[in-house]
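Values quoted throughout were computed directly from the atomic coordinates according to the rules given, and no laboratory measurement underlies them. In this text the structure is predicted, and so the values were computed from the model without any measurement. Cβ sites come from the backbone with ideal geometry, for glycine too, and all protein chains shown count toward neighbours.
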């Protein structure tokens, strides 16, 4: 299995398996979770996936997640 790193933003992550926004607390129950790294900025989780997904930047669900959790204050 391949490992996928997913960054945490505002208590949420973009789940590459189900391709949607998830509360990070949902990751604790997932059998694919391998580790959580809170020492880095931004913090991230590492999950096992059958294959490394294609670039998330081309996934419309990821783009929506990114803009929802990374808006700049005006």
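Put in line by how crowded their Cβ is, counting other Cβ atoms within 10 Å and starting with the fewest, 36, 45 read 36, 45.
By count of other Cβ within 10 Å, fewest leading, how are 15, 30 ordered?
Numbers: 15 21, 30 15.
Lowest to highest Cβ neighbour count: 30, 15.
Subtracting the Cα-Cα distance of residue 40 and residue 5 from their residue separation scaled by 0.36 nm leaves 11.4 nm.
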